[in-house]
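Visitor: Below: one structure in structure tokens.
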Amino acid sequence: MDKTITDQLLKFRKATVPDDALAMMRLSLFDWAACGIAGAKEPEFGDFVKMQKRLGTGQSSVLGGGHAPAATAALINGTLSHALDYDDTHFAHIGHPSVAVLPAVIALAEDVGAPLDVAVDAAAIGVESSILTGLWLGRSHYQIGYHQTATAGSFGATMGAARLLGLDKDELRHALGLCASMASGIKAQFGTMGKPLNAGLAARSGVEAALWAQGGMTAAQDGLAGPLGFGATHHGEAAEIKPGKGTWHLLSISHKFHACCHGLHAMLEALGTSELAPDQIASVHIRTHPRWMSVCNIAEPTTGLAAKFSYAQTAAMALLGHATGAISNFTDEITKDPQVVELRSKIRISEEERLSETQTEISVSLTGGGMRRLRHDLMAPMSFEDRSAKLQKKTADLLGQDRGEMLWKAAQGDDLRALCDQLVMS
């Protein structure tokens, strides 16, 4: 067995990406681009983008318009595509893998003139590496306060960039070592503009580490897993991982289909099958994993942002027919809607240890007597066709039907320029 995760990642750099992983990566590329195009419209990031663009011009497209050097484009695009917190998640990794890796790979691919299929292949290696690194770091790393999207994501971005650039084994070792000095991101930023910036910094770190190593810069032989390396100094568990063995981890990526905290999604998926009218509901009891009780259980939210972290609010919205996949529905006004307020008062939430973080159970007491029981697990198998359809509906809600169709065609095609033209279109 290889000694460290660094040795395993070095070997993994030559892995052949299976077709099902490439297909999933195409879906995440489409989803990432849609989230980024929508995120670029968030006005609070305008000055940040302008400031970064002043650093120089380049070949790489910037979300919302313009071009910049690859590292700068990766920083901007990583930040903007995580601005809405609507991008994909991996629950075992405890992070958002695509938002750190894809901005790095797409920016570099455009800079060096690589075709889209090569970029998708590199992104798959990067995303899988991010997940593997996250698993290796373990929950203690996350629980102590590090943001896996940023930390593990930096190493994933480095692996993806290295694959795209064709770094040899020694260059990749140095790139990972250089990344170890840059990988950073803390959960204290949650709820601020610093959280999406964490993703952008991870993407930029991957581009820079790979380019610096290609240019001859050296680093510690094992800056990731060696003595005084990243894992040892950042509460890493050094859990055993097996890259490229059997089913790839990226196949269990969970895409967001609701514009709110991912902890609420299993509940919302379950409620979506209920076919209950509000006047049929006497009370609702939602059971969830204890982790979510302190994350997304605001009982009486008063703002649109707080609504995204409320079981009672989002459940009431869903049962009343308010589309929870539409960001525009999460407003301050919806938290004060009399029908929503009345229905959410009938909703009780409790923790249940036997449920996983991706599961929920719901009991609905009916006004006419009787009980309806609902259950959902986000890890339940979903066909490629169903996932594609859900993502296309999500994108239509975000960008409009016509723009969504153009983006889908570009993301599923072979022309990188066609995809990047969509990124810069306002």
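Visitor: Non-local amide H neighbours of residue 186 (under 5 Å, H modeled in plane, Pro and chain starts lacking H): which ones?
Guide: The answer is 147.
Visitor: Also, I was wondering about something else. Mind checking the per residue accessible area of the stretch 1-96 for me, 1.4 Å probe, whole number of Å²?
Guide: That works out to 37 Å² for each residue.
Visitor: Out of residues 5 or more away from residue 283 or on other chains, whose amide H comes under 5 Å of its own, with H placed 1.01 Å from N in the peptide plane?
Guide: 365
Visitor: Counting pairs of Cα atoms in the chain, how many percent are more than 33 Å apart?
Guide: More than 33 Å apart: 32 percent of the Cα pairs in the chain.
Visitor: On the protein heavy atoms, probe 1.4 angstrom, tell me the percent of accessible surface of the chain carried by carbon and sulfur.
Guide: 51 percent
Visitor: Right, here's the next one. On a full-extension model of 0.36 nm per residue, what is the gain between residue 237 and residue 22, subtracting their alpha-carbon distance, rounded to one decimal in nm?
Guide: Net length gain for the segment: 74.5 nm.
Visitor: Any cysteines in the chain with zero other Cys Cβ atoms under 4.7 Å from their Cβ? List them, or say none.
Guide: 35, 179, 260, 420
Visitor: Of the listed peptides 95-106, 56-67, what is their order by residue-averaged count of other C-beta atoms within 10 Å, with the highest listed first?
Guide: 95-106, 56-67
Visitor: If you average 1/r over all unlike Cα pairs in the stretch 262-377 and invert the result, what Kirkwood radius do you get in angstrom?
Guide: Across the stretch 262-377, the inverse of the average 1/r is 13.9 Å.
Visitor: Would you please give the residues with an amide H less than 5 Å from that of residue 349, counting only those at least 5 places away or on a separate chain, with H modeled from the backbone geometry?
Guide: It is 286, by chain and number.
Visitor: State, in angstrom, two size descriptors of the stretch 1-107 derived from its alpha carbons: Rg to one decimal place and Dmax to the nearest whole number.
Guide: For the stretch 1-107, the Cα-based Rg and Dmax read 15.8, 50 Å.
Visitor: While we're looking at this one, here's another question. Using every alpha carbon pair in the stretch 329-426, what percent of pairs falls into each 5 Å bin from 0 up to the bin containing the largest distance?
Guide: All Cα pairs considered, the percentages come to 2, 9, 11, 12, 13, 15, 14, 9, 8, 5, 2, 0.
Visitor: While we're looking at this one, here's another question. Over the Cα atoms of the stretch 1-40, each weighted equally, I'd like the Debye log10 I(q)/I(0) at q = 0.16, 0.19, 0.21, 0.27 Å⁻¹, rounded to two decimals.
Guide: The calculated log intensity ratios at q = 0.16, 0.19, 0.21, 0.27 Å⁻¹ are -0.62, -0.70, -0.73, -0.83.
Visitor: State the extension gain, in nm to one decimal, for the chain segment bounded by residue 291 and residue 426, taking 0.36 nm per residue of separation less the distance between their alpha-carbons.
Guide: Extra length available between residue 291 and residue 426 comes to 44.8 nm.
Visitor: Oh, and also: Between residue 190 and residue 247, what length in nm is gained on full extension when 0.36 nm per residue of separation is reduced by their alpha carbon distance?
Guide: 17.3 nm
Visitor: Among 75-86, 388-399, what's the highest-first ranking by average C-beta atoms within 10 angstrom per residue?
Guide: Descending packing order for the listed peptides: 75-86, 388-399.
Visitor: Just to confirm the filter: which trypsin sites (Lys or Arg not before Pro) across the stretch 34-90 are DSSP coil and have at most 12 other Cβ within 10 angstrom of their Cβ?
Guide: Passing sites in the stretch 34-90 are 54.
Visitor: Once each part is reduced to its C-alpha centroid, what is the distance from the stretch 362-403 to the stretch 165-222 in angstrom?
Guide: The two parts, judged by their Cα centres, are 36 Å apart.
The values are calculated or read from the model by the stated rules, or taken from the named source; none is laboratory data. Small disclaimer: the values here were computed from a predicted structure and weren't measured. When we count neighbours, we look across all protein chains shown, and the Cβ atoms used for this are built from the backbone with ideal geometry, even at glycine. Surface accessibility is based on the protein's heavy atoms, side chains included, excluding ligands, DNA and RNA. Shrake-Rupley method; radii C 1.70, N 1.55, O 1.52, S 1.80 Å.
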